[in-house]
Amino acid sequence: MTHAHFINKDKQALERALKTITIIIEVNIVNWISRFSKQSVAIALSTFITSTAWAETIVITADRLVDVTNGNVIKNAAVVVDDNIITAAGAVASISLPTDAARIDLGDSTLMPGLMDMHVHLTSDATRHGYKRLEVSLPRAAITGVKHAKATLEAGFTTVRNVGAPGFADVALRDAINAGDVEGPRMFVAGPSLGVTGGHCDSNLLPYEYDNYSEGVADGPWEVRKTVRRNIKYGATVIKFCATGGVLSKGTKVGAQQYTFEEMKALIDEAHLRGLTVATHAHGTSGIKDAIKAGVDSVEHVSLLDDEAIALAKENGTYFSMDIYVTEYILGEGEKAGILEESLNKERIVGKTQRENFKKAVNAGVNMVFGSDAGVYPHGDNPKQFARMVKFGMTPMQAIQAATINPARLLKQEATLGSLDKGKFADIVAVPGNPMEDMSLMENVGFVMKDGSIVKQYAM
Ligand code: ARG
């Protein structure tokens with residue numbers, strides 16, 4: 001190790017400490033102050049500031065920790081973080097805690113891995129749908145994405161999979177986050193979604209003479225292969241395509257298959273050849289089944305399921321990402337936001353069936369991941385889905401696993417993400433109280449650490 005390395009390390013530690021202090025001062029205590037006395041907030045802040053100032057190792061303690069790997073809740077727990085890596089986690093009694101480390105005691109709260117949402121559109125604005133979206137330029141969408149990335153991270157989501165963004169705006173956002181220019185979650189990005197001409201992933205709002213189409217449109221096995229290659233060239237790390245019609249697209253039948261099996265097979269094979277996983281939008285039964293048979297890694301929405309589709313998913317280890325909260329936003333706020341009347345009509349049918357089928361898939365033991373479709377509804381509201389996942393059939397533990405260890409496996413990132421285990425990245429969140437007893441507490445994430453840096457810390 002060189003001298004320069006040490007200086008650099010010290011500088012980084014100082015910068016980190018200063019950043020932490022600044023964040024604490026900036027923190028919006030108002031939201032939380034009703035839960036705690038001013039005095040305890042002040043004590044928590046002052047101890048935290050003095051103890052964090054120079055240390056590189058941080059010990060975080062709390063009354064509970066969710067061990068998603070084993071499906072247990074551990075009482076009186078600690079996580080030890082060295083730089084950006086977890087070096088120990090579990091019951092306080094089972095860990096020899098370093099004595100010279102900074103301490104953060106979160107008291108009556110529950111520690112868990114950073115949350116992961118497998119279906120977001122960070123560059124989409126939930127208040128603009130239908131024709132209102134035509135007013136948004138690509139650069140404008142990218143800038144909006146900066147705000148959405150921060151809101152998502154502060155809601156506790158340290159990793160997202162962005163499944164579709166025009167103009168590779170998601171690639172730009174990911175790169176800006178990775179460069180430290182803006183704050184946001186780790187992003188796995190698809191770039192423009194692939195779809196057939198006139199399908200759910202095309203843009204069908206304008207008449208013929210405008211010659212308007214989405215840049216992910218690709219028809220035929222070789223064209224889809226070429227488009228996969230192009231997306232990879234411009235920075236995609238996952239591939240997304242539309243297998244069936246959808247709710248929010250003009251003129252598509254939600255249950256009707258759009259890509260043929262032959263096209264899906266070519267698309268998925270090409271992506272797998274290049275080491276990328278593939279997500280498909282599919283509401284309709286035949287499209288779901290053909291996509292699974294063609295080897296897709298995850299099916300999104302999965303509304304109109306049958307028993308055979310469930311059996312196929314189990315047989316192939318396919319993940320289902322079912323956005324069962326968004327229907328409430330679409331039917332409640334959608335009209336105001338510009339959602340077309342035909343889409344509202346489609347949603348009235350799809351939303352209810354999807355929730356029933358969610359229960360069937362969970363009971364059958366299909367691999368489930370948390371996917372919200374935030375972007376259709378406001379970013380930062382992602383956690384609202386947790387309470388619905390429990391209401392419609394999951395145990396609280398299953399719902400948390402669906403947003404942590406399962407997505408890490410889907411993304412083939414379980415070596416570094418998805419659980420509070422030694423050697424993984426220090427992506428850690430805490431919610432006040434015990435979410436196992438009340439899943440709506442997931443909507444109040446109070447502590448967020450991403451990659452060893454504290455993003456948010458309310459006094460708990
Ligand atoms: N992006 C999806 C589509 O347009 C949203 C579906 C929302 N509805 C639902 N029940 N999940 O098809």
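The values are calculated or read from the model by the stated rules, or taken from the named source; none is laboratory data. None of the values given here were measured: they were computed from a predicted structure. Cβ placement follows ideal geometry from the backbone for every residue including glycine, while neighbour counts extend to all protein chains displayed.
The table for this structure:
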read-out	value
Residue under evaluation A101, criteria (1) crowded, with 24+ Cβ neighbours inside 10 Å; (2) in the same structural domain as F425 (by TED's automatic domain parsing), criterion not met	(1)
Any hit, the stretch 159-171, residues being more than 26 Å from Y458 (Cα to Cα) and basic (K, R)	yes
Those residues of the stretch 339-393 which are crowded, with 19+ Cβ neighbours inside 10 Å, in a helix (DSSP H, G or I), more than 21 Å from the chain's Cα centre (by Cα) and of a type outside the set (D, E), in sequence order	S343, K346, V350, N357
Some residue of the stretch 232-255 being under 30 Å from A151 (Cα atoms), within 25 Å of the chain's Cα centre (by Cα), assigned to a helix (DSSP H, G or I) and in the same structural domain as A151 (by TED's automatic domain parsing)	yes
Residue match in the stretch 211-225 (condition: assigned to a loop (DSSP other than H, G, I, E, B), of a type in the set (D, E) and under 23 Å from V160 (Cβ atoms))	yes
Residue pairs meeting the criteria (Cβ under 9 Å; at least 6 apart or on separate chains; first on the phi > 0 side of the Ramachandran plot, in the stretch 297-312; second away from the ligand (no atom under 14 Å from the Cβ) and at pLDDT 95 or above)	V302/A309; V302/A313; V302/V366
Number of the condition not met by D170 [criteria: (1) in contact with a His (Cβ under 9 Å, 6 or more places away or on another chain); (2) assigned to a loop (DSSP other than H, G, I, E, B)]	(2)
Residue within the stretch 135-158 that is outside the structural domain of G334 (by TED's automatic domain parsing), without any contact (Cβ under 8 Å) to a residue 40 or more places away in the chain and β-branched (V, I, T) present	no
Test set (1) not assigned by TED's automatic domain parsing to the domain that holds V81; (2) not basic (K, R); (3) not in a strand (DSSP E or B) - S440 fails condition number	(1)
Residues satisfying the stated conditions in the stretch 366-390, i.e. more than 15 Å from the ligand (Cβ to nearest atom) and either without any contact (Cβ under 8 Å) to a residue 60 or more places away in the chain or among the hydrophobic types (A, V, I, L, M, F, W, C) (or both)	V366, N367, F386, A387, V390
Hits in the stretch 256-281 (condition: touching a residue at least 40 places away in the same chain (Cβ under 8 Å) and either assigned to a strand (DSSP E or B) or within 16 Å of the ligand (Cβ to nearest atom) (or both))	Q258, Y259, T277, V278, A279, T280, H281
Sole exception among (1) outside any helix (DSSP H, G or I); (2) modelled with pLDDT of 95 or more for D100, by number	(2)
Pairs where the first residue, in the stretch 438-455, is closer than 16 Å to Q398 by Cα and the second is in a strand (DSSP E or B), C-beta under 7 Å, 6+ apart	L441/V431; L441/P432; M442/V431
Positions within the stretch 289-338 being within 16 Å of the ligand (Cβ to nearest atom), among the aliphatic types (A, V, I, L, M) and surrounded by fewer than 15 Cβ atoms within 10 Å (Cβ to Cβ), in sequence order	L331
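Condition check ((1) under 30 Å from L344 (Cα atoms); (2) not small (G, A, S)) across all residues:
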position: N162; (1), (2): yes, yes
position: A169; (1), (2): yes, no
position: G180; (1), (2): no, no
position: E215; (1), (2): yes, yes
position: L267; (1), (2): no, yes
position: L276; (1), (2): no, yes
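Every residue, every condition in (1) out of contact with any Leu (no Cβ under 9 Å at 6 or more places or on another chain); (2) of a type in the set (D, E); (3) closer than 27 Å to G452 by Cβ, yes or no:
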{"position": "V376", "(1), (2), (3)": "no, no, no"}
{"position": "P383", "(1), (2), (3)": "no, no, yes"}
{"position": "M394", "(1), (2), (3)": "yes, no, no"}
{"position": "Q398", "(1), (2), (3)": "yes, no, no"}
{"position": "A402", "(1), (2), (3)": "yes, no, yes"}
{"position": "Q413", "(1), (2), (3)": "yes, no, yes"}
{"position": "T416", "(1), (2), (3)": "yes, no, yes"}
